[in-house]
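These notes are about the structure you will find just below.
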Amino acid sequence: MDWTRFVLPLVAGVACAGCVNMSDPTRLAPGTSADEVQRLLGAPTGRYALAGGAQRLEYARGPFGKQTWMLDVDAEGRLTSTTQVLTEKQFNAIRAGATADEVLRTIGRPSNVGYVGWHKTQTVWSYRYTSPFCQWFQVGLSEAGIVEDTGYGPDPICDDVDKPLHGIFRR
């Protein structure tokens, strides 16, 4: 009997199960060092300066980019909070007049970037998130990087369920 047919998948499964658990930021206790956070979660997808020498580490995750975790680390390099920021509560806090940097610090990088207007006069950042509806949140930025408007709209990934999505799904 060829034991490698059974042992290798078992070892791979156990190894992957450990990886899944370590990718969950909510499992990290307050006070965990920033070095330990990065050892367990990998390099952040973004870093943002906060007041008093603290920083915010962004971890964009999830299928289709529907999760972004912000981990705040104090000036001593210790974890103080962990927040999943792709929520309607966070989106609704973004107001016209905010800067692109403020948006990034609040909800992280967008899952999609587009443009409105013949001469690309407005950049539109779109954010997928977990919702009972197939929609995304959008932020319209002026050429100067200032929020002009925000809103919710249908996510184009759901436009036609009969067409393959990114070549992998079919109805």
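The values are calculated or read from the model by the stated rules, or taken from the named source; none is laboratory data. Note that the coordinates shown come from a computational prediction; the quantities given were computed from them, not determined experimentally. Every residue, glycine as well, gets a Cβ built from its backbone with ideal geometry; the counts of neighbours run over all protein chains shown.
Out of all the residues in the stretch 104-122, which are at positive phi and either among the small types (Gly, Ala, Ser) or modelled with pLDDT of 90 or more (or both)?
Filtering the stretch 104-122 down to residues at positive phi leaves 108, 117, 120.
Correct list: Gly108, Gly117.
Do we have any residue at all in the stretch 106-127 that's under 18 Å from the mean Cα position of the chain (by Cα), among the charged types (D, E, K, R) and assigned by TED's automatic domain parsing to the domain that holds Gly46? Write out each step before concluding.
Of the residues in the stretch 106-127, the ones under 18 Å from the mean Cα position of the chain (by Cα) are 106-114, 124-127.
Then keep just the ones that are among the charged types (D, E, K, R); that gives 109.
After this cut, where a residue has to be assigned by TED's automatic domain parsing to the domain that holds Gly46 as well, the list is none.
No: zero hits.
Could you tell me how many of the residues in the stretch 135-171 are part of a loop (DSSP other than H, G, I, E, B) and at pLDDT 90 or above? Please lay out each step first, then the result.
Restricting attention to the stretch 135-171, the residues satisfying the condition of being part of a loop (DSSP other than H, G, I, E, B) are 142-145, 155, 159-164, 166-168, 170-171.
Remaining after also requiring at pLDDT 90 or above: 142-145, 155.
Total satisfying the criteria: 5.
For the stretch 89-134, enumerate the residues that are among the aliphatic types (A, V, I, L, M) and either under 18 Å from Tyr48 (Cα atoms) or surrounded by fewer than 16 Cβ atoms within 10 Å (Cβ to Cβ) (or both). Walk me through it before giving the result.
Here is the first cut: in the stretch 89-134, the ones among the aliphatic types (A, V, I, L, M) are 93-94, 96, 98, 100, 103-104, 107, 113, 116, 124.
Result: Ala93, Ile94, Ala96, Ala98, Ala100, Val103, Leu104, Ile107, Val113, Val116.
Which condition from (1) modelled with pLDDT of 95 or more; (2) out of contact with any Pro (no Cβ under 8 Å at 6 or more places or on another chain); (3) part of a strand (DSSP E or B) is the one that Tyr127 breaks?
It is condition (2) that Tyr127 fails.
Quick one: count up the residues across the stretch 69-90 that are β-branched (Val, Ile, Thr) and within 17 Å of Gln38 (Cβ to Cβ). Please lay out each step first, then the result.
Within the stretch 69-90, the first condition is being β-branched (Val, Ile, Thr), and the residues that meet it are 73, 80, 82-83, 85, 87.
If we keep only those that are within 17 Å of Gln38 (Cβ to Cβ) too, we end up with 73, 80, 82.
The qualifying residues number 3.
Counting only residues that are without any contact (Cβ under 8 Å) to a residue 12 or more places away in the chain and under 18 Å from Lys66 (Cβ atoms), how many does the stretch 83-130 have?
2
Go through the stretch 25-37 and give me each residue that's within 18 Å of Asp74 (Cβ to Cβ) and without any contact (Cβ under 8 Å) to a residue 12 or more places away in the chain. Before the answer, list the steps.
Going residue by residue through the stretch 25-37, those that are within 18 Å of Asp74 (Cβ to Cβ) are 25, 28-37.
Listed by number, the list holds a single entry, Glu36.
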